[in-house]
Each structure stands twice: as C-alpha cells, then as structure tokens.
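The values are calculated or read from the model by the stated rules, or taken from the named source; none is laboratory data. Keep in mind that this is a model prediction, so the values were computed, not measured. So basically every Cβ, Gly included, is an ideal-geometry build from the backbone, and we count neighbours across all protein chains shown.
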Amino acid sequence: MHRDEQTDADILLIQRIAARDAGAAGELYDRHSRLLFSLVLHILRDRSEAEEILQEVFVAVWTRAETYDAALGSPAGWLVGIARHRAIDRLRATARRPETVEVQPWLPDTSDDPETSAAFCERRDAIAHALDTLPRDQRELIEQAYFLGLTQSELSERHQLPLGTVKTKMRSGLVLLRQQLLQTYAVQ
C-alpha cells in the first residue's frame, strides 16, 4: 500500500473510531502498535511500562478520535505524538532519565512482515541521514529533546545557553530537518 493510501486508510479508521466502531480501533492498533511500542520502549526502557503506555495511547485514541485533524498531520504522526508525550510524562513522573542518547532510531520487530520492515528501515535511514546534515549544536538539542524528553528550559541549563537561543536553534534545526526529509521523499 502506498503512503498516501495508508494515510487515507488510517483517516477512515479514525473516523470510524470516532463513530465508536471497535473493529476500527483494533485495525488501527494492528497497523501501528509495533511502531508505537518500539518508540515507547526506546524512551522508557521498561517493557511493562511500555505496554501500559501503549494501552493508554489507544484508550486516548478511543476517547479523543474526534479531535484528530488531518490538516495538522498524518494519523501515524498523531499516534506517535500521543505515545511520545505519554512516555515522556511517565519518565518525568518517575524521575528516571537515560543518561545518554542512543541516536539509532528504534525499529520494531517486523520479522514476519518484510515489507513493513523495509519501510521502517528506509524511514530510519532517512531520518538518520537528515539528522546528520544538521549542524551539531542543533542536532544535539533536537535529539536530547526528542529522545530524552528534555524541555527547552532544561536544555538551556544543560548547555548553558539562553532559553531564546535554544528555541531558535531547535526551530531552525527542525525546519532544516523537515526540508531534508521532504526533499528525500520527493525524490522517491
């Protein structure tokens, strides 16, 4: 299935969930649970907590499906955002943080589906390449914010930079990252 077809199918599933179709929730779970679990596990490094967060994500989807806005991003991006925020909230609540960033983007176990595995590998490589094109200071700030869940204030303190500088560097880095990824996917 082509990426636009996948997005359209996911949007229809979310619309069905908003109409309280439990089967659609199951289909959405089947399509995205591996990716979300891998992301949450990468952040929390605790399998049982990752399983709890995954369950919370799909409960949130069930209760808030009508709030999804396709103009703001893809369903997969929406799901990843929910999962990431919940995982970071859990980290903060338990005051546990990994000390180092493992920059290798996570990859779910898709050994039973080579096509999905290839798509994830392609996406992982594109993100890693795009991150490598950023200036080091921007890349470090973005990685620490995303993978460690550090706030901009925490990054300001950690790097001994003014908060405005952190915000500017992160925003500039994200713009460059987006341009690089759009360029990569436009070529394909």
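Quick notes on this one:
- Segment 62-76, subset over 15 Å from the mean Cα position of the chain (by Cα) and surrounded by 13 or more Cβ atoms within 10 Å (Cβ to Cβ), residue nearest to Ala22 (Cα to Cα): Trp62
- Filtered residues of segment 12-38 (kept if surrounded by 14 or more Cβ atoms within 10 Å (Cβ to Cβ) and closer than 11 Å to Ala65 by Cβ): Leu13, Ile14, Gln15, Arg16, Ile17, Ala18, Asp21, Ala24, Ala25, Leu28
- Residue satisfying condition, being modelled with pLDDT under 75, out of contact with any His (no Cβ under 8 Å at 6 or more places or on another chain), surrounded by 13 or more Cβ atoms within 10 Å (Cβ to Cβ) and among the hydrophobic types (A, V, I, L, M, F, W, C), within set Ala119, Ala130: Ala119
- Some residue of segment 88-111 being assigned to a helix (DSSP H, G or I) and modelled with pLDDT of 90 or more: no
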